[in-house]
Amino acid sequence: MKSSSKPANLLLAASLTALAACSTPPEPPAVSTRTVTTTTKTVTTTTSKPLVSTSTADTAKPAPTKSDFDTIQGTWKGVEVGGSEDTAVLTISGHDLECRGANPNDWYKGTFTLREDTTPRQCVLAITGCAAPDYIGKTCLAIYQIADGTLTMAGNEPGNPNPPPAFGAEGARTFKFKLR
């Protein structure tokens, strides 16, 4: 059985890239020649121009976009869509998540992972604590969207192996949160 290590593969790729960069001869500078002829003599001027632009417009890089994981960190306040107008609080720190509804007996704690490559995007929550003991140890699949500073999440009952197909789907609870 062949064993593969991502760090070793990354190190190998970086070494090969560095080796190739070191063994490639530099390109000669671009040269332009201009000949001017006057009635008394001919003058030829040769100038070298750098191949790399030093313009800040060419070297400016766009700001990196934050991942969804980084964006959702913090404490969010919101409401359940179609539920009471009382406030729910969602706290996310690293991979830990805690959600407390308006009812003191409506709370969940767990660890989560995001699936940013799905449509709609998904959150997989492994429940480690809950007011309903039957849900502890189960997985809750949810979909989420981040738009205009609002985090919208819709989740099925813990233990259901499928995420909701869409926001507002029958049987799913949907929440809208704003970052505090």
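Just so it is clear, none of the values below were taken in a lab; they were calculated from the coordinates. Predicted, not measured: the structure shown is a model, and the values here were computed from it. Cβ coordinates were reconstructed from backbone atoms using ideal geometry, including for glycine residues, and neighbour counts include every protein chain displayed.
Brief remarks follow.
Yes/no per residue for (1) over 23 Å from Thr65 (Cα atoms); (2) of a type outside the set (Phe, Trp, Tyr):
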{"site": "Leu97", "(1), (2)": "no, yes"}
{"site": "Trp107", "(1), (2)": "yes, no"}
{"site": "Thr118", "(1), (2)": "no, yes"}
{"site": "Gln122", "(1), (2)": "no, yes"}
{"site": "Thr128", "(1), (2)": "yes, yes"}
{"site": "Ile136", "(1), (2)": "yes, yes"}
{"site": "Thr150", "(1), (2)": "no, yes"}
{"site": "Gly171", "(1), (2)": "yes, yes"}
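- The condition of being out of contact with any helix residue (DSSP H, G or I) (no Cβ under 9 Å at 6 or more places or on another chain) and more than 19 Å from Ile72 (Cα to Cα) holds for only one of Pro120, Pro158, Pro164, that being Pro164.
- Scanning the range 91-110 for residues being exposed (fewer than 12 other Cβ atoms within 10 Å of the Cβ) and within 15 Å of Leu179 (Cα to Cα) gives a total of 1.
- Hits in the range 111-123 (condition: of a type outside the set (D, E, K, R) and surrounded by 16 or more Cβ atoms within 10 Å (Cβ to Cβ)): Phe112, Leu114, Pro120, Gln122, Cys123
- Pairing residues of the range 127-141 that are of a type in the set (Gly, Ala, Ser) with residues that are outside any helix (DSSP H, G or I), at Cβ distances under 6 Å and at least 6 apart in sequence or on separate chains, gives Gly129/Lys109; Ala131/Asn105; Ala131/Trp107.
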